[in-house]
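Structure record follows, encoded as structure tokens.
The values are calculated or read from the model by the stated rules, or taken from the named source; none is laboratory data. What you see is a predicted model, and the numbers here were worked out from it, not measured in a lab. Glycine gets a Cβ as well: all are built from the backbone with ideal geometry, and neighbour counts include every protein chain shown.
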Amino acid sequence: MTTERPAIEPIRSSLEAQFLSDEQLDQMQEATLQILEDVGVRFPSEKALAMFADHGAQVDRDTQIVKMPRDLVFKALATVPRYFHVGARDLTCDFDLEDGVTYFTTDGCGHETVDFETRQIRPSCKEDVERMARVVDYLPSLAFYWPMVSAQDYGRMAPLHELDASWNNTVKHIQSETLMGEAPARYALEMATVIAGDRDKLRQRPGFSLVVCTIAPLAQDKEGIEGAMLLAEAGIPVAFLAMPNLGSTGPATLAGTYVVGDAEVISATVLMQLVSPGAPVSHSIMHGYIDPRSGIYVPYPVNRVCAGAVINMAHHWGMPCFAGAFGTEAREPGTWQAAADVATDPLLVGLTGAEWVTGIGLNRSFTLLYPEAIILDDELYHRARYALMDMEVSPETLALDVIQAVGPGGHFLAQKHTRTHMRKALVRGLGQYPDPDGGYRDPLEVARERVKWILDNHEPEPLEEAKKTELTRILQAADRELNQ
């Protein structure tokens with residue numbers, strides 16, 4: 001049985017919150033510019049160093065530290081597109097980054113899975129990537145697919161097999177964070193070209209994108225940055241994600257940690273624009289905290305500041321923001337902590353105007369996949385979507401003629417207006433499914449059933465056999481080169 005895929009439902013908001021004042025944003029931007037000019041960022045890549053040197057940056061090849069004059073930074077940032085088009089295998093799943101609209105994806109890339117049948121924890125594999133791609137293909141809350149777990153059964157080839165599993169099981173846009181290095185990026189680009197048809201079509205409708213993590217404090221990853229350079233030149237969107245922790249890889253203050261992350265992201269963005277002016281780049285900072293007693297990573301303390309501030313920072317530079325939400329510390333889904341950690345996240349990133357957002361569906365600090373957790377997070381997402389949705393006020397919705405017909409002490413159930421609008425008026429949550437014995441069913445049980453229903457009933461549009469064969473050929477060629 002094949003079901004019709006629901007249309008993507010992004011968060012739309014006519015409101016926009018500002019968590020930092022213009023004066024604060026100017027101060028932080030100035031601090032970032034001073035770091036880039038006076039402290040510098042390490043780029044352990046001869047290709048990157050040569051590019052910076054050719055464009056007037058101060059390059060120390062012994063330390064691999066690049067210092068950038070602010071005029072170079074502003075000149076490069078002026079070519080970053082504020083919004084850009086995001087392609088997909090199916091044209092109906094394309095979307096444009098735009099003001100007031102927020103698109104979500106899953107979290108990634110975990111390394112363990114709670115097996116859906118046995119309920120035992122095991123290392124993740126390519127089949128898990130395939131299964132969750134099918135679930136994402138069906139859910140309207142998810143506009144694109146970030147492979148949630150690693151295809152560990154393929155070793156160093158895992159990133160390319162994750163792309164293969166994704167393209168074969170969803171028609172939506174694919175995003176990778178595990179693809180690192182120029183050679184793997186070259187094979188991924190070849191695979192994406194097969195899906196698109198040719199390089200020009202891929203540039204017009206890029207069917208995949210890349211997230212590259214910087215290294216805090218103030219350094220880049222050689223493989224990540226060189227892969228990003230190759231993809232940026234081909235028009236593939238790249239998001240640079242800084243993840244400094246207060247008190248360890250960042251100062252013990254939010255402002256200080258944010259400007260460290262900002263300098264990392266902006267320095268990489270400058271490089272992409274030197275490589276290819278106009279390359280689509282997104283700004284991202286997802287900070288954490290360090291427990292001073294144990295050194296343990298703490299993502300959700302009580303005094304955690306939401307992503308709103310870093311969204312404001314990205315927009316102040318004139319860049320789209322790739323924001324973070326969800327990602328609970330809870331060991332199991334369906335617990336108080338699993339919801340408390342993340343419940344306000346989708347509302348706040350939507351209210352602040354992030355263009356695209358990652359985070360749905362993983363537990364234990366983004367490492368463990370419970371397949372049903374994606375359904376629980378999906379409901380939190382839709383609660384935020386409805387909360388930010390504009391309410392229609394019109395003669396039809398004010399219903400004055402109906403109110404007059406019913407009058408004091410009457411009842412609206414028998415009215416045609418009620419039959420027309422009630423179907424949309426009540427959207428059941430996971431906790432409102434009636435139990436035959438009275439009351440309501442366990443939401444976790446309902447979530448598991450929904451995952452099973454999707455896997456049993458939804459078959460995404462299959463990839464053409466010729467393209468499937470070509471992807472296999474590319475994987476075999478990559479295996480011969482990369483596994484030597």
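Has the stretch 330-342 got any residue that is surrounded by fewer than 22 Cβ atoms within 10 Å (Cβ to Cβ), without any contact (Cβ under 8 Å) to a residue 24 or more places away in the chain and in a loop (DSSP other than H, G, I, E, B)?
There is at least one residue in the stretch 330-342 that is surrounded by fewer than 22 Cβ atoms within 10 Å (Cβ to Cβ), without any contact (Cβ under 8 Å) to a residue 24 or more places away in the chain and in a loop (DSSP other than H, G, I, E, B).
Take the residues in the stretch 108-123 that are outside any strand (DSSP E or B) and more than 20 Å from the chain's Cα centre (by Cα), then tell me which one is surrounded by the most Cβ atoms within 10 Å (Cβ to Cβ).
The extreme case among them is Phe116.
Can you tell which of Glu233, Glu226 is more than 30 Å from Arg331 (Cβ to Cβ), in contact with an Asp or Glu (Cβ under 8 Å, 6 or more places away or on another chain) and either free of Cβ contacts under 8 Å to residues at least 60 places away in the same chain or surrounded by fewer than 24 Cβ atoms within 10 Å (Cβ to Cβ) (or both)?
Matching residue, one of Glu233, Glu226: Glu226.
Taking Arg5, is it in contact (Cβ under 8 Å) with a residue 40 or more places away in the chain, touching a helix residue (DSSP H, G or I) at 6+ places or on another chain (Cβ under 9 Å) and among the charged types (D, E, K, R)?
The answer is yes for Arg5.
Across the stretch 150-168, what is the total count of residues that are surrounded by 24 or more Cβ atoms within 10 Å (Cβ to Cβ), touching a Cys at 6+ places or on another chain (Cβ under 7 Å) and not small (Gly, Ala, Ser)?
0
Which of the helices (runs of 4 or more DSSP H) found entirely inside the stretch 219-321 contain at least 3 residues meeting this: of a type in the set (Gly, Ala, Ser) and touching a strand residue (DSSP E or B) at 6+ places or on another chain (Cβ under 7 Å)?
222-233, 254-275
Pick out, from the stretch 347-463, the helices (runs of 4 or more DSSP H) lying fully within it that include 1 or more residues that are of a type in the set (Gly, Ala, Ser).
It comes to 373-388, 400-406, 416-425, 443-457.
Can you tell me which residues in the stretch 248-268 are more than 21 Å from Arg304 (Cα to Cα) and either among the hydrophobic types (A, V, I, L, M, F, W, C) or surrounded by fewer than 24 Cβ atoms within 10 Å (Cβ to Cβ) (or both)?
Ala263, Val265, Ile266, Ala268
When the residues of the stretch 124-133 are narrowed to those that are touching a helix residue (DSSP H, G or I) at 6+ places or on another chain (Cβ under 8 Å) and crowded, with 21+ Cβ neighbours inside 10 Å, which ends up farthest from Met191 (Cα to Cα)?
Among residues in the stretch 124-133 that are touching a helix residue (DSSP H, G or I) at 6+ places or on another chain (Cβ under 8 Å) and crowded, with 21+ Cβ neighbours inside 10 Å, the one farthest from Met191 (Cα to Cα) is Ser124.
Does Leu189 fit the bill of being surrounded by fewer than 22 Cβ atoms within 10 Å (Cβ to Cβ) and either under 15 Å from Glu481 (Cβ atoms) or of a type outside the set (A, V, I, L, M) (or both)?
Against the criterion (surrounded by fewer than 22 Cβ atoms within 10 Å (Cβ to Cβ) and either under 15 Å from Glu481 (Cβ atoms) or of a type outside the set (A, V, I, L, M) (or both)), Leu189 qualifies.
Tell me the residue from Ser248, Ser282, Ser276 that is in contact with a Pro (Cβ under 7 Å, 6 or more places away or on another chain), polar (S, T, N, Q) and more than 20 Å from Glu37 (Cα to Cα), please.
So the residue among Ser248, Ser282, Ser276 that is in contact with a Pro (Cβ under 7 Å, 6 or more places away or on another chain), polar (S, T, N, Q) and more than 20 Å from Glu37 (Cα to Cα) is Ser282.
Does the stretch 384-401 include one or more residues that are within 24 Å of Gln337 (Cβ to Cβ) and modelled with pLDDT under 95?
no
Would you please name the residue that is nearest to Gly108 (Cα to Cα), looking only at residues in the stretch 353-381 that are among the acidic types (Asp, Glu), touching a residue at least 60 places away in the same chain (Cβ under 8 Å) and in contact with a strand residue (DSSP E or B) (Cβ under 8 Å, 6 or more places away or on another chain)?
Out of the qualifying residues, it is Asp378.
Pick out the one residue from Glu264, Glu226 that is of a type in the set (Asp, Glu), touching a Gly at 6+ places or on another chain (Cβ under 8 Å) and at pLDDT 95 or above.
Glu226
Restricting attention to the stretch 1-16, which residues are at pLDDT 95 or above and among the hydrophobic types (A, V, I, L, M, F, W, C)?
Ala7, Ile8, Ile11
Hey, could you check the stretch 1-15 for residues that are touching a Leu at 6+ places or on another chain (Cβ under 7 Å) and assigned to a loop (DSSP other than H, G, I, E, B) and say which is surrounded by the fewest Cβ atoms within 10 Å (Cβ to Cβ)?
My answer is Leu15.
Give the stretch 176-206 a look and list any residue that's in contact (Cβ under 8 Å) with a residue 40 or more places away in the chain, in a helix (DSSP H, G or I), within 21 Å of Glu464 (Cβ to Cβ) and among the charged types (D, E, K, R), or say none.
Correct list: Glu190 only.
How many of the residues in the stretch 283-321 are under 15 Å from the mean Cα position of the chain (by Cα) and more than 20 Å from Pro346 (Cβ to Cβ)?
So the answer is 0.
Taking the residues in the stretch 371-403 that are among the small types (Gly, Ala, Ser) and in contact with a helix residue (DSSP H, G or I) (Cβ under 8 Å, 6 or more places away or on another chain) as candidates, determine which candidate is surrounded by the fewest Cβ atoms within 10 Å (Cβ to Cβ).
In this case the residue turns out to be Ala387.
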